[in-house]
1. Tell me, A:E144, B:E55 in order of fewest to most beta-carbon neighbours within 10 Å?
2. Going toward the positive end of the dipole of chain A, with +1 on Lys and Arg Cβ and -1 on Asp and Glu Cβ, which of A:I198, A:L171, A:G106 do you reach last?
3. Between A:S525 and A:E635, with labels modelled 7 Å along Cα→Cβ, what's the label distance in nm to one decimal, could you check?
4. Output the relative contact order of chain A, whole-number percent, from Cα pairs under 8 angstrom with separation of 6+ residues.
5. About the Cα centre of the stretch A:486-618, what is the dipole size in debye to 20, counting +1 per Lys and Arg Cβ and -1 per Asp and Glu Cβ, all else neutral?
6. Pick from B:T130, B:T45, B:T65 the residue whose mean-square fluctuation is largest in a GNM of chain B, springs joining Cα atoms under 10 Å.
7. If you average the sequence gap of Cα pairs under 8 Å that are 6 or more apart and divide by the length of the stretch A:472-606, what percent do you get for the contact order?
8. How far apart, in nm, are the 7 Å Cα→Cβ label points at A:K9 and B:S222?
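Computed from the coordinates by the stated procedures, all read-outs in this text should not be read as laboratory data. This structure is a prediction, so every number in the text was calculated from the model and none was measured. Here the Cβ positions follow ideal geometry from the backbone for every residue, glycine too, while neighbour counts run over all protein chains shown.
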Amino acid sequence: MSEKKLDAKIPSGPVEQKWSRYKSEMKLVNPANKRKHTVIVVGTGLAGSSASASLSEAGYQVETFCIHDSPRRAHSIAAQGGINAAKNYMNDGDSVYRLFYDTVKGGDYRSREANVYRLAEVSTAIIDQSVAAGVPFAREYSGELSNRSFGGTQVSRTFYARGQTGQQLLLGAYQTMMKQVDSGGVKLHTRKEMLDLIVVDGKARGIVVRDVLTGELSTHFADAVVLATGGYGRVFFLSTNAFQSNCTAVWRAHKRGAFFGNPCFTQIHPTCIPVSGDHQSKLTLMSESLRNDGRVWVPKRKEDAKKPPNEIAEADRDYFLERKYPSFGNLVPRDVASRNAKEVCDEGRGVGDSGLAVYLDFRDAIARMGESVIREKYGNLFHMYHEITNEDPYQLPMRIFPAVHYTMGGLWVDYGLMSTVPGLFVLGEANFSDHGANRLGASALMQGLADGYFVIPYTMGDYLAKGGFKPVDETHEASKEALASVKKRISKVMELGKKGGKKTVMEIYRSLGKTMWDYVGMSRSEKGLKKAMQTIRSLREEFYSGVQLVTAGDESRSTSLEVALRVEDLLDLGELMAMDALERAESCGGHFREESQTDEGEAKRDDEKFSHVSAWEFKGDVSKSVLHKEDLVFENVKPTQRSYK
Amino acid sequence: MQVNLKVWRQLDRNSEGKFETYTLDGASENMSFLEMLDLLNEDLTKRGQRPVEFESDCREGICGTCSCVVNGQAHGPVRGATTCQVYMRSFKSGETITIEPWRAGAFPVIRDLMVDRSALDRIISSGGYTGAKVGPHPDANSMLVSKPDAELAMDYAACIGCGACVAACPNGSASLFTGAKISHLAKLPQGLPLQNLRSKRMVEQMDKEGFGHCTNIGECQSACPKEIKIDVIAEMRRLYVKAALTSEA
């Protein structure tokens, strides 16, 4: 592979004119020629569904793939709290500029200004689009849309549909896509997992997929490939991500030449239900909108940590977020809230059986507004908490603890959302672009839909209009090679199963997750990261020396094979994350390096050395990955040390 | 706790299925029902036996993937909950728990506890949308919706497409699912332009897929994890008749 240079292709001119300029200067595909182009979209969450719908409506032939039995199951469905948009409906001084500013600041100055500005700019159209698609957002008695404030901001710009905003936005995008399925514009392939990218003459031209039901492998071709396959939080095993969420599609694209941007930037969400035991298979998040009315506290004294909360007097409670950050209080950004929770638990003041939890208390809010108002606002979340923990949050404060929730890192993309492999576009959580080192609440839904509805239909056209797409099919050498390598990989893993081994794949997976959480989680140090890399390497050795794998008799059909293939990729990605975290010897956003903190224990950024995107190039073996840097230029928002005091 | 599990095992669509019984030690009350099945599968894997294939994804009751009939009830004994939201505290130690897939003509069993629910997607693609194109639209606040209407639309839109309504219905009808989508869009002005076409096509697609007819039994609303009421079926019928009587559709 020739040496690749990073070019973000940011349009020139003032930040507020860049997107208009791009749109007026981009190349267009003649409407009659659009149907001659086929585009593959992998993933049907917010980004994938909206991209499939918009590309199909634009006139391209779209082939859409999802791993689930139905495209509506994608994990965007689980987002609860809301979606930001700079509508300024509340007349509280919001604007595109302010949303842009908050996002760049919230991301701790590790995102690209031009992308973030565009995101803020198209945010208002997302709300109009979603309402037109029938999304039942919350409304006021006037019939107008309701807004609420959300972690990390001082204006109310978050639109919501009870605690099911992700579900409603996804169903809106899914239904818009299904209309195209009906008209024949989108061809849907369900229960297909992408296992490789087919690159022809340096361009992404197809994919290899495995049918998760039959194990059958097939190849599919197009003029461009869009990956909208979500994040890689499942590398921690326990996370709020769904079971099918995995990194294989992006990791395989990475191995085929797409650089991986900022892999160490992960978001730990502060309001999750704490782990209850070793059997735990996943963590459940509760929307951080709860922090609008709930107050976070732990006992002032260690000795009180095991006492029932109602027996701890007001004077003996430490509302630590309100105490340390008086102007933002309980609404500090996620990374700050999470780290502070960890800190008080490390001090021995954590509550619950495990001591790994803090209280989120609605007593005062219920007294102020009445139980019925709280029930209307958060009823489903309270119900969910009650079901899981068997405790009634109307009577007792909730116990919460941080959990891995979102990955800001992802495949590196330029302004047009194209990766370093021409023709491979990456959307939504799968790319690295808009959230820097920390994502603000209610911004993931915004980004997924911005990319799919309002960015890709334009930038795809600009790419396709350049032409030069020779016909490709399964007889092409690149296709044969990709298919053969997938087959080889599957038989290699099946061999591991035959070798036996002491552990099941799940046991190795859990060990990987624990290593990542302990050393590449909320707080990272040089010593810990090196240990993590070592542990991951020995886990990999263990994996390759044999695992317990059971098939249905027919080798191709096995869910444990599926998991084994994903774990193989997660082991590699985990190591790259640790390498990236080690290289970034500063604290920023969700990445807290113990060696880089202020006297008060807050994250200390180092703009001189680290004001860049780290983009890793795969070189045959993870440990040999090469780091490329995209320098970040701030022309509009002057980087300052974040302060939420 | 120790539980006896009577589980439906079936290799694929064309094979005969049968119940197998397993005794599982080591489950605990705070385990979710699916975590208990995870434990069973780890156990089976270690003994070299084929794990029980079941579907799940979000494990927080919103994606609609999980789908077990537990002791004869779709999604098990907890009201307003999906299978993944059922905890072992709902069962007694020593109890025998029967676990089956959704049973309905339009949902063929494809392996163990997995069924093919793609018919539901085809019902949506036959009209479960407003028809608005992607692109610029009038400002969202230019079309007002009364709060009660917006709340009802949300109640209906809460459907997660799991198919429990079909599994619970003695007729295997998908009327609650279809009615929920038709009623959601009927409550919003954005849904009106395609309303007649939608009501007609979605109902006809439901018939085509081999779902049974609704005879007002009401099992569907008891099984629905999102507690959608059968009012939506009445609304669906009203709109279907209206559509059938107007020539445009």
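1. Working: A:E144 15, B:E55 27.
Placing the least packed residue first, the sequence is A:E144, B:E55.
2. Ranked along the dipole, the leading option is A:I198.
3. 4.3
4. On the way: 1390 pairs, mean separation 127.8, N = 645.
Once divided by the residue count of chain A, the mean separation gives 20 percent.
5. Values: 23 positive and 25 negative charges, 186 e Å.
The dipole magnitude comes to about 900 debye.
6. Greatest mean-square fluctuation among the candidates belongs to B:T45.
7. Details: 153 pairs, mean separation 36.9, N = 135.
RCO, the stretch A:472-606: 27 percent.
8. 6.0
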